[in-house]
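Below: the structure, in structure tokens.
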């Protein structure tokens, strides 16, 4: 196997060229309006399954871009996802990102009630007095809590990126949002993760 001689500045560009080539060889044609997000997820994971499992609600890309432009707050379910999001790009639009998982009040409340910190984090996010975009890459209980609050008429998220990874309730939690009235980007199945959640947000920011 040959090693390519390539400059550091060209590595990412070459990676995306390879992704496009392999998708073409497999006969996979991605929708133009969402292809850049799917390719970013493949680039992050080296997993071409995202070309088949990443789901987008109608006009998802334009909706989330408008939310960011209007200063919506992005809430993640891990500090890893938060750290991966390009905050400088967000700040250009007066938008911010945060994670409440390590907040003392969240930890105490979760222990008191015997529920996950992710669930309590979603409740805390629902009290923010601004539009909220959720980027969930780890905890299916976060998606379940969001759906419960929607069903109870307590809170309606403006946008949900639902890509938790794992085995317990992961697939079912994602399916709660497929076909719902909430704008979403969801990855069907078990795959996902904090890096994928951050990659989706960044793909959108880089395209703005």
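The values are calculated or read from the model by the stated rules, or taken from the named source; none is laboratory data. Predicted model only: the values in this text are computed from it and were never measured. As a convention, Cβ positions derive from the backbone with ideal geometry for all residues, glycine included, and neighbour counts pool all protein chains shown.
Annotations for the structure displayed:
- Qualifying residue in region 107-126 (condition: under 30 Å from residue 207 (Cβ atoms) and touching a strand residue (DSSP E or B) at 6+ places or on another chain (Cβ under 7 Å)): yes
- Residues located in region 19-33, provided they are under 20 Å from residue 163 (Cβ atoms) and surrounded by fewer than 16 Cβ atoms within 10 Å (Cβ to Cβ): 28, 31, 33
- Scanning region 99-119 for residues that are part of a helix (DSSP H, G or I) and without any contact (Cβ under 8 Å) to a residue 24 or more places away in the chain turns up 104, 105, 106, 107, 108, 109, 110, 111, 112, 113, 117.
- Screening the candidates 63, 3, 19 for the property of being over 30 Å from residue 106 (Cβ atoms) and in a helix (DSSP H, G or I) yields one hit, 19.
- Checklist (1) at pLDDT below 95; (2) buried (at least 20 other Cβ atoms within 10 Å of the Cβ) applied to residue 143, failing item: (1)
- For region 130-153, the criterion of being over 28 Å from residue 49 (Cα atoms), touching a residue at least 40 places away in the same chain (Cβ under 8 Å) and touching a helix residue (DSSP H, G or I) at 6+ places or on another chain (Cβ under 7 Å) is met by at least one residue.
- Test: residue 158 is farther than 16 Å from residue 80 by Cβ, within 16 Å of the chain's Cα centre (by Cα) and in contact (Cβ under 8 Å) with a residue 60 or more places away in the chain: yes
- You will find that of 36, 16, the residue that is surrounded by 13 or more Cβ atoms within 10 Å (Cβ to Cβ) and at pLDDT below 95 is 16 and no other.
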